[in-house]
Amino acid sequence: MDAPIDPLLADVLQVLRLERLEPDLFRGESRDPGHHRVFGGQVLGQALVAAYATVEGRSVHSLHAYFLRAGDPDHPIIYQVDRSRDGGSFSSRRVVALQHGKQIFHMSASFQVEEQGIGSYSPMPAVVAPETLGNTVSAMEQFERRNPGRSIPKQRLRRAFEFRQTTPLDGSAADEEPHMMIWFRAVDRLPPDPVLQHCLLAYVSDYYLLSVATLWLPQDMSRNELQMASIDHAMWFHRPAALDEWLLYVLYSPNASGSRGLSRGGIYSRDGRLIASTAQEGLMRHRPDGAR
């Protein structure tokens, strides 16, 4: 008899199981990650689950999303799918997420029939093996010792996934663009379901993506003085991968301006294949009076 799955990972899988209300209308559960706002990765993952439920024989290759309002973790989210187009090899879907009668998020996603073609990609950076690194808890403790004014809430620990930081959370040199490299994997075994793997990858891709852009900020700036929120999220799926094996998230931020920070990322398998690419712009507004 199979051993029970880790309860925290099982809860993420439960969140990604949507209730189908009508052919193109779905309802998803919400969770509170600790700051009484729905985690953006949850909405991304659920929206992709909804879109996938209206597509047959095709896999997602890209998504582009906007976060419009903070999600309420005390209420479910309704996902409405528009079947924009089904062509000979591509399908396009638009998903709108609703709470309390208002849009909180919308996403466009494109799906493609499997095809063979040129296979090439940027190489994975040289990096130490995950087995030689401590977990995220240790990295956060070290960060807080170096930056007493920039504490990280302990409820942000991502326990359904294990993260191992290859560089300090504030490790970018002053003359470099901010960068981070993080190994991650699910804390338990996962079913070999390619649709589930894509939806989980969308879910986990939101971790740390905005964080790398905050490394542009002065180190003495308190997190309590920052208003932060994801504005948009883009993702391209290049190759399949198992999320219960180690993957490397390579993150950097090429720009900060207008109270916004831009982040880009590449997700690599342990053998160096580029699995997915990400991009996100986020709000980083300085609010010294604590106003929101």
Item to check | Share of pairwise Cα separations in region 1-125, more than 19 Å, in percent | outcome: 54 percent
Checklist outcome for this item: Ordering 99-107, 228-236, 37-45 by per-residue average of other C-beta atoms within 10 angstrom, highest first, gives 37-45, 228-236, 99-107
Checklist entry - Hey, got the Cα dimensions of the chain along the principal axes, in Å, largest first? => result 52, 45, 44
Checklist entry - What shape does region 3-52 take by its C-alpha gyration tensor, where a ≥ b ≥ c are the square roots of the eigenvalues and a/c under 1.5 counts as rounded, a/b above b/c as prolate, and the rest as oblate? => result oblate
Checklist entry - Which whole-number percent is the relative contact order of the chain (Cα, under 8 Å, 6+ apart)? => result 18 percent
Checklist entry - Could you work out the helix-only [θ] at 222 nm for the chain, with each DSSP H run of four or more residues adding -39,500 (n - 2.57) and the total divided by the number of residues, to the nearest 500 deg cm²/dmol? => result -5000 deg cm²/dmol
Next on the checklist: Between 0 and 90 degrees, rounded to the nearest ten: what's the tilt of helix 40-52 against the longest Cα principal axis of the chain?
Outcome noted: 20 degrees
Next on the checklist: Output the 0 to 90 degree angle, nearest 10, between the alpha-carbon long axis of helix 136-146 and the longest principal axis computed from the alpha carbons of the chain.
Outcome noted: 30 degrees
Checklist entry - Within the chain, what's the longest stretch lacking GluC sites (Glu not before Pro) that sit in DSSP loops with no more than 10 other Cβ atoms inside 10 Å? => result 177-292
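Where a number appears in this text, it was derived from the coordinates with a stated rule and is not lab data. The structure presented is a predicted model; accordingly, all values stated were derived computationally and were not measured. Glycine gets a Cβ as well: all are built from the backbone with ideal geometry, and neighbour counts include every protein chain shown.
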